[in-house]
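Right, one structure below, let's go through it.
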Amino acid sequence: MPRAAATGASRRPRGLRARGPVTAARLTGAVSLAAGIGLWQLAAALGTAGVPGPGPVAARAAELLADGTLVTDAVVSVRRVLTGFLLGTAAAIPVGALMGWYPVARALLEPWVQFFRVIPPLAIIPLTIVLLGIDEPAKITVIFLAAFLSSVVSVFQGVVAVDRTLVDAARVLGARDPGIFVRVVVPATVPFLFVGARVGLGAAWSTLVAAELIAAQQGLGYRMQQAQLYYDLETIFVGIVSIGALGLLMDRLLITAERRATVWQERRAV
Amino acid sequence: MPRAAATGASRRPRGLRARGPVTAARLTGAVSLAAGIGLWQLAAALGTAGVPGPGPVAARAAELLADGTLVTDAVVSVRRVLTGFLLGTAAAIPVGALMGWYPVARALLEPWVQFFRVIPPLAIIPLTIVLLGIDEPAKITVIFLAAFLSSVVSVFQGVVAVDRTLVDAARVLGARDPGIFVRVVVPATVPFLFVGARVGLGAAWSTLVAAELIAAQQGLGYRMQQAQLYYDLETIFVGIVSIGALGLLMDRLLITAERRATVWQERRAV
Amino acid sequence: DGDRDRSVDFGYIADYNQAGLLAVARERGLWKEHGIRATYKVFTDGPTQITALGAGDLDFGTIGPGATWLPASGRATVVAVNQLGRADRVVALPGRGIDRIADLKGKRVAVPEGTSGDMILGLALDRAGLSRDDVRIVPMAPATAVAALASRQVDAAALWYPLLATVEKRVPGLVRLAESADFAAEFAFPSSFVAAPGAVDKNRELVEDVVRVLQKANDFRYANPEKTVAITAGFLRLDRDAVAADARNTQPLSTAELVAAGRDGTVARWFTALQGFFVRNGKLDAPVPVEKFYAGDLYTRAAAR
Amino acid sequence: MISFRDTTRHFPGPDGGFTAVDGIDLDVAEGEFTVLVGPSGCGKSTLLGIAAGLTEPSRGEVRVDGRPVRGPGPDRGMVFQQYALFPWLTVRGNVEFGLRTARVPRAERRRRAAHFIELVGLTEFADALPKTLSGGMRQRCAIARAYAADPRVLLMDEPFGALDSLTRSRLQEQLLEMWERERRTVLFVTHDVDEAVFLADRVVVMAARPGRIHRTVPIGLPRPRTAATRLTEAFTALRTDVWRAVHEQQPLNPPSTVPLER
Amino acid sequence: MISFRDTTRHFPGPDGGFTAVDGIDLDVAEGEFTVLVGPSGCGKSTLLGIAAGLTEPSRGEVRVDGRPVRGPGPDRGMVFQQYALFPWLTVRGNVEFGLRTARVPRAERRRRAAHFIELVGLTEFADALPKTLSGGMRQRCAIARAYAADPRVLLMDEPFGALDSLTRSRLQEQLLEMWERERRTVLFVTHDVDEAVFLADRVVVMAARPGRIHRTVPIGLPRPRTAATRLTEAFTALRTDVWRAVHEQQPLNPPSTVPLER
Ligand SMILES: Nc1ncnc2c1ncn2[C@@H]1O[C@H](COP(=O)(O)OP(=O)(O)OP(=O)(O)O)[C@@H](O)[C@H]1O
Ligand SMILES: Nc1ncnc2c1ncn2[C@@H]1O[C@H](COP(=O)(O)OP(=O)(O)OP(=O)(O)O)[C@@H](O)[C@H]1O
Ligand SMILES: [Mg+2]
Ligand SMILES: [Mg+2]
C-alpha cells in the first residue's frame, strides 16, 4: 500500500521512491492538465455541438486580455468573491463555534442556518435587491451568504468533534470559556476549519454568476451573462476557465496555509 | 461553562438542568421558529418594499396546495435533489478517499475537482444541454455535480486526517488496502463524511433552481422562476419556504443518522 | 441640491434594441446639453430593473414588450416608447418534417415564457387553429433554449435575433415558421423606457428633460442608422456586424411618428393588444386603460419643446 | 482538604447501566499525600475526575476546603492518565499553557517552564511536538505541565506509569522533595505497590464492581524518604500489607475458570 | 527468527534531526522470549515499529525468517504502547478485527474472541465501546486483540504498563503459559525490571542518545516459572544485575544539576 511521507516517517509509494514526492506531484499535475486539455480538444474536434476548442477560446482570451476587459473583470470579481468569502468564513467561525459549544445557541440558530443553506441564491436575488439595492453590498451579500452558510456546518461539526479530554485539560489548567475557545477549540478544529474555508470558497465562486445578475457592470460572471445574450460560447469558456483557474489558485493558497497550520497532526500521507 | 450531556457523562447547562436536554432543545427550537416568523411579519409590516408577510404567503401556499401544484412540484423537486445528492455523495466517497489515500490519485484528480468546484452551475447549463439533452438526466447531472464537488473535499480532508496509528493497527492485524478502507478509513472519517453529506445536500438544494432552468415543466425551482417572471413574490416565498423546510427536514434525517453512526465518539456536547 | 436632483440612474439591457438610444445620448453629449448627469447600469432582464425601480435604486429602466405587464399592473410608468421589435421568429430544425406551423403538432418547442417569442408562438398557433396543448411546450430561459436548439434537443423554438443568429451558424437551413412581421397588423412589439410609479408627478421637469434627451437620440438613430450601429457596438464592446444584424430586426420610428401614434391612439392599441395577451397568460387580471401607465402627454409636451 | 461524601457515579446504559464508584467517603487532609490503589476499572480515575470537577457525581458530593466542587479550577491540577497533551503545542507550549491562563508575564513564564522541563529531563525536546515524543516523554511533559501551573491540590493519575525505573525513581524523589517543601495536598493513583508505599502518608486500597474503598493503610514511614527507605524492614512489611489488601480481593475472573487452550 | 542488522532510524529535522536508534544488531531466535528495557526515549518503540514493518529504517534492515521486512503482516502481531483501539468498535469488535481479515468463520470468530476477552477479564464489557473503558481495560482489550490474531511473532510494547499488580502478574503468567505451549517468538518492551527478568530468555538493555544496545543479560531461570520463581535467589541476583545495567547509564540530567526551588 503506497504512502508518501514528506517527514520521511513511513514507507513511500514504490514507484515514486527515486524522485521526491513534491516533484512527482508536480509532474503528475502537469500530466493531468495536459490530459484534460487533450480531452477538451478531442470533444471539440468530435464536433460535440457547439463546444469551442482550446484554440478559439485561447484566441478570444487573448483579445479580451488585449483590450483589458479580462483583467478588469477578474479584478472586480476576485474582489467580490474575496470580500464575501472572508466575511463569510470570518462570521462562520464564531457562529459555528457558538452552535457547537452552547446547546441553546445551537437550538436557536441551527434550524435557521440549515433552512437558509438550502435556499438557492437565485431565489433570493429579488429579495436582496429589495432589501439591499443593486450596488456592491447586494452582490457581496449574496456571496457572503453562500460562503457563510456552507462553511458554518464544518465549523460547527468540528467544534462538536473536539476531543473532550483536551477541553478538560485546559479547564484544569484554569482556562475559561473564551480562553478554551481560542486556545483549544480553534486549534483542535483547524482541519474542519479548512474544510469549511475551502467549501466556502467554492460556494463563493460558484455564486458569483448569480451575484453578478444584480446589475453588475463588470466582472467575470457579468461578462458570461452578456455573452449568453449573444450565445458567445468562446467568451463563456474564457469565463469558465478564468473562474476555474482563479478558484484553483485561491484553493492552493488555502491548502498551503492548512499544511502550515496542521504540522502537529499525525498525518498518514502527504 | 454549560454543557449538555445526553450520556449524563458530564455537567449540564445550568438553566436546563430540570428538563431533559431533548425537551429543552425542542422548546428553544419552537421559540426560535416563533421569533423568526415574528421578525418576518415585522419586516413585512414595516413595509420593506415588496416583502409579503407570512399571512399572504400562507394564503398563496393554501391555494397552491389546494390545486395540487405545490405537492407535485415538491415531489418532482425532492426526487431530483435526492437522486443528485445520493449519486453525488456516493461518488464523492470513493473519489475523495482515493484522493486522500493515494498521492498519485490526488495529484491527478484534485486540480480538476477544485477547478470544477468553483464553476458556477449557471455557467455549465448550456454545456450540460449540449452534452446531455434537456430531460431529467441533464437536471440531475447539474445537481449531482454540485453535491459531488462540494462533498468530495470533506471526504478527502477526512481521509487525510485519519489517525495513522489506527491504520497501522489494522495493517498489523493483516488488513490490506480495501479492508483498511472499508473497516478503518470509512468509520474513522464518519464525522467528515457527514459534514460532506450535509454540505452536499445544501449544494444540491441550492442548485435546484439552476437545474430547473433546463426545460423543467414542474418543480419548486421552476415554479419560482415562473413567479419571478410574473413578479409574484408570494409564490417565490412559498417556494423559498418549501425548499427551506424540505432541506431542513432532510438535514435533520442526516443528523439523526450521524448521531447513530458516531456514538463511539467522545463527544463534548450534545 | 439642484445638482443632485439632476442626476439619474438608468438601467438597460446590453443589446442594440435597448441600449442604442442610451449609447447615442452619451456619445453625442445630449445629457450634458440638458444639464443631466446620467449613470447607466446594465441588467439582464426587465423585471429585475422594475424591482430596482421599486426599491429606489434606479430612476429609469428599459424593458422589452414581454415585460410590459409590469407597468400595466402599476409597478412602473412608461415614459417613452423606444421602437418596435421585429426580431421574433418561430423556427424549426431542418429535417424534422416541419414546414408549417401546423406541423408543430406533437413536437417539442422551446419557449422562453412570457417573452415576445412566446407571444409570436401563441399568435401563430392561433392562426393555424392549434392550441398550446397541441404542441409540447418546453419552457426554457433564452440562453438555455439556444443551447437546446443548437444541439438539436428540441424540434423547434420561439426565439429572436440575435440569439437565432448563433443557432443559424451551427444549424444551417433553419426553417422559419412565423415571424413578428406576419402579425404587424394586429400586434406590435414596442420596447419602452420606464420610470418608477409616481416619478412623473414628483419630478415632472426632470422626467420631461430625460424624455427630451431620449427623443433627440431617437431622431439621430432614425436619421443615422449606420452611425448608431457603430456607436452602440462601441458602447457595448460588441462586434459591429452582430449589432448591425440586430438592427435589421428593429423598426425605428421618428419622434414625430411616435407623437402622432400617441395622438391617434395607435400606441394605446399596441399596449391594449399586449394586455390581452397578458390577461390570457394570467399575468394580468384585467386590462387597464393605457393612460394609467403610459405618460403620453408628457411625451408630446417634451417633443414640443 | 478534599472530602468525598457518599460520592457515587453511575453511567446509565442498557441492563441498568454501570456504577463506577459507589458511596465513597474519604477525607484527604490539607497537605496530606494520599495514594489510591486498586484493580483496573475500580473507579480511581473516575474519583479523580470528580475531585477535579470534570465529572459530576450522580449522588453525594465532593468538597474542597469546605466548598462543594462546581467545576474545574487551577487550584486543582491534574495529570491525566492519557496525558491529554495539546498536540498543536510544543513541549514548552504545553508546559506554559497554565501559566498563560494565569497571565504570568512572558519572561517569568519562560523561566518557570524551562525549570520544569528540565526537571523531567526534556530540555532538549522543549521545541518538539507531542507526535515526535516517545510514550514516556509524553508522560513527563504532562507532569511538567501540571507542576508548572502550581496548584494547591495535585491530582495525579498514574503519572509515572510509562517511565523506566530509573526515571521513575528520580521523579518520585523529586515529587516528594517538592511536596515536603511546599506541602501541597496530593491525591495520587498508581498500580505500583512499591511506589504507593514509598510516597504515601496513607494508601487507600479500592475494590471493584462497584468501586468502593476496601481498606486504608496508614504509612508511618519517617520522612524524608530516600532510596534507603526502600530497604528498611518497615517498608517491606507495609509493602506486603498493601500487596495483600490488593490481592485478597475477589479476582475479576478466577484464572482457573479460563481454559488457556483454544 | 528476527534479525536486526545495523538498523538505524533517523528523523530529519532542524539541527541535523534526531537519531532514534543507531546501528542495532540483534538476533531473536525462533521461539525465543526477548525483553527490551531501557530509559524513556531510547528507541524501544521505534525498534518494534521497524520489526512490525510500520517504519522503514533509514539504514540497515530487519529480516524475519530470512526475508527482509517489506511491510506489516498478520504474522507479526503487535500491542501498541498507545493501545490504538478502533474507537467505533466494541471490545468484541476490536478483538474480532484480525479474525475477520483472516476470514475466520463467524461462529469460530465469536468463540475465539470470547475466549481471549475472558482471558483478560473483560467478558462483562464485551459490548462496551473503548470510550467507556478505564485505562487498564483499554490496554487489556489491546492485548486480547493481538492474541486473537494468533501471530507467530508477538511484538509487545509495554503491554502491562497500565495494569494493577494483581491483573499484571496474572497476565504475565498467562502469557508465559501460552508461550511455552505454542513457542511463539516474542519481543517484549517493559520498564519493569521484575517483569523483564520473570518473562525473558534474555534481557536486552538499551541506552539512549542515540538508541543502542547497552548490554545483554541472559536469564537462565528454569521454566516453567511461577510466583515461586520470584522468590528465588537467582531471580533476585538477575534482577539486581539488570537494574544495575539500567541505572549505571549516563542519566539524562544528573539530578544534582537541577535546582528544585523555583
Ligand atoms: N462513559 C462511561 N460509560 C460507561 N462506563 C464507564 C464510562 N466511563 C468509565 N466507565 C466505567 O467505570 C469504571 C471505572 O473506570 P475508571 O476509569 O475510573 O477506572 P480506573 O480505576 O481508573 O481503572 P484503571 O486502573 O484501569 O485506569 C470502569 O469499569 C469503566 O468501564
Ligand atoms: N516522528 C518523529 N520525529 C522526531 N523524533 C521522533 C519521532 N518519533 C520518535 N522520535 C524520537 O525517537 C526517540 C525514540 O522514541 P521511542 O518512541 O522509540 O522511544 P521508547 O524507547 O519507546 O520510549 P518510551 O519508553 O518512553 O516509550 C525519542 O527520543 C523520540 O523523540
Ligand atoms: Mg484509570
Ligand atoms: Mg515507547
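The values are calculated or read from the model by the stated rules, or taken from the named source; none is laboratory data. Note that this is a predicted model, so its numbers are computed, not measured. Positions of Cβ are backbone-derived with ideal geometry, glycine not excepted, and every protein chain shown enters the neighbour counts. For accessibility, only protein heavy atoms count, side chains too; no ligands or nucleic acids. Shrake-Rupley method; radii C 1.70, N 1.55, O 1.52, S 1.80 Å.
Observations on the structure shown:
- Candidates per chymotrypsin sites (Phe, Trp or Tyr not before Pro) in the stretch A:202-249, loop by DSSP, up to 12 other Cβ within 10 Å: none
- ³J(HN,Hα) computed for each position of the stretch A:85-91 - Karplus, 6.51 cos²θ - 1.76 cosθ + 1.60, integer Hz, glycine/proline x: 5, 5, 4, x, 6, 4, 6
- The B-A contact accounts for approximately 7600 Å² of buried accessible area, totalled over both chains at a 1.4 Å probe radius.
- The residues of the protein assembly as shown have, on average, 37 Å² of accessible surface per residue, using a 1.4 Å probe with all protein chains present.
- Burial of 20 Å² or greater, the stretch C:111-144 residues [accessible area, probe 1.4 Å, versus chain by itself]: C:GLU113, C:VAL138, C:PRO139, C:MET140, C:ALA141, C:ALA143, C:THR144
- Residue-wise HN-Hα coupling along the stretch C:126-133, computed from phi with Karplus coefficients 6.51, -1.76, 1.60 (Hz; x: Gly, Pro): 3, 5, 7, x, 9, 9, 5, 6
- 10 Å Cβ shell holding at most 16 others, DSSP loop, GluC sites (Glu not before Pro): longest site-free stretch of chain E: E:31-247
- Kirkwood hydrodynamic radius (C-alpha pairs) into Stokes-Einstein, the stretch C:124-173, 4 °C and 1.567 mPa s, D in µm²/s: 109 µm²/s
- Computed from the Cα positions only, the extents of the stretch E:81-150 along the three principal axes stand at 30, 21, 19 Å, in decreasing order.
- Mean separation of Cα contacts under 8 Å (6+ apart) over length of chain A, as relative contact order %: 24 percent
- Members of the stretch D:90-114 that become less accessible by 50 Å² or more once partner protein chains are added (1.4 angstrom probe, chain alone as reference): D:PHE97, D:THR101
- List of the stretch D:120-147 residues, accessible area with partners at least 20 Å² below that of the chain alone (1.4 Å probe): D:GLY121, D:GLU124, D:PHE125, D:LEU129, D:LYS131, D:SER134, D:GLY135, D:ARG138, D:ARG140, D:ARG145
- Inter-chain Cβ neighbour count for E:74-83, averaged per residue, equals 4 (cutoff 10 Å, partner chain atoms only).
- Nearest-first distances (nm) between copies at D:GLY16, label 7 Å from Cα via Cβ: 6.5
- The protein assembly as shown, Cα convex hull volume normalised per residue, Å³: 197 Å³
- A cut-off of 5 Å between modelled amide H atoms, ignoring neighbours fewer than 5 places along the same chain, links D:GLY38 with D:MET206.
- The modelled label-to-label distance between B:LEU27 and A:THR72, using points 7 Å beyond Cα along the C-beta direction, is 6.0 nm.
- Computed P(r) (all Cα pairs; the stretch A:175-232; 5 Å bins; percent): 4, 16, 15, 13, 10, 9, 9, 8, 8, 5, 3, 1, 0
- Translational diffusion coefficient (Stokes-Einstein; Kirkwood radius from C-alpha pairs) of the stretch A:52-261 at 20 °C, 1.002 mPa s, in µm²/s: 115 µm²/s
- The stretch E:37-169: C-alpha pair distances exceeding 20 Å, %: 48 percent
- For the stretch A:191-270, the fraction of alpha-carbon pairs in successive 10 Å shells from zero, as %: 17, 38, 23, 15, 7, 0
- Normalised convex hull volume, the stretch B:42-117, alpha-carbon set, Å³ per residue: 150 Å³
- Share of carbon and sulfur in the accessible area of the protein assembly as shown stands at 58%, probe radius 1.4 Å.
- Computed log₁₀ I(q)/I(0) - Debye formula, equal Cα scatterers, no solvent, the stretch E:112-262, q 0.11, 0.18, 0.21 Å⁻¹: -0.53, -1.13, -1.35
- Relative packing of peptides B:39-46, C:207-214, B:91-98, D:5-12 - highest average C-beta neighbours within 10 Å first: C:207-214, B:91-98, D:5-12, B:39-46
- Residues B:ASP73, C:ASP239, ordered by accessible area of protein heavy atoms at a 1.4 angstrom probe radius and largest first, appear as C:ASP239, B:ASP73.
- Calculated FRET efficiency for the pair C:ARG237/C:ALA184, C-beta based, R₀ 25 Å, to 0.05: 0.15
- Share of alpha-carbon pairs per 20 Å distance bin for chain C, given as whole %: 34, 57, 9, 0
- Eligible aspartates and glutamates near C:LYS202 by straight Cα distance, threshold 13 Å, same-chain separation 8 or greater: C:ASP5, C:ASP59
- Contact order relative to length of chain D, as percent, for alpha carbon pairs under 8 angstrom and 6 or more apart: 24 percent
- Protein heavy-atom accessible area occluded, C/A pair - total, 1.4 Å probe, Å²: 2000 Å²
- Label point 7 Å beyond Cα along the C-beta direction, distances from D:ARG106 to other copies (nm, shortest first): 6.5
- Selection of trypsin sites (Lys or Arg not before Pro), the stretch D:41-120, meeting DSSP coil and at most 14 other Cβ within 10 Å: D:ARG70, D:ARG103
- Convex hull volume of the C-alpha atoms in the stretch C:10-110, normalised per residue: 147 Å³.
- Spherically averaged projected area in nm², based on the convex hull that wraps the Cα atoms of chain E: 16.6 nm²
- Distances between copies of B:PRO94, taken at a point 7 Å out from Cα along the Cα→Cβ vector and listed shortest first: 4.5 nm.
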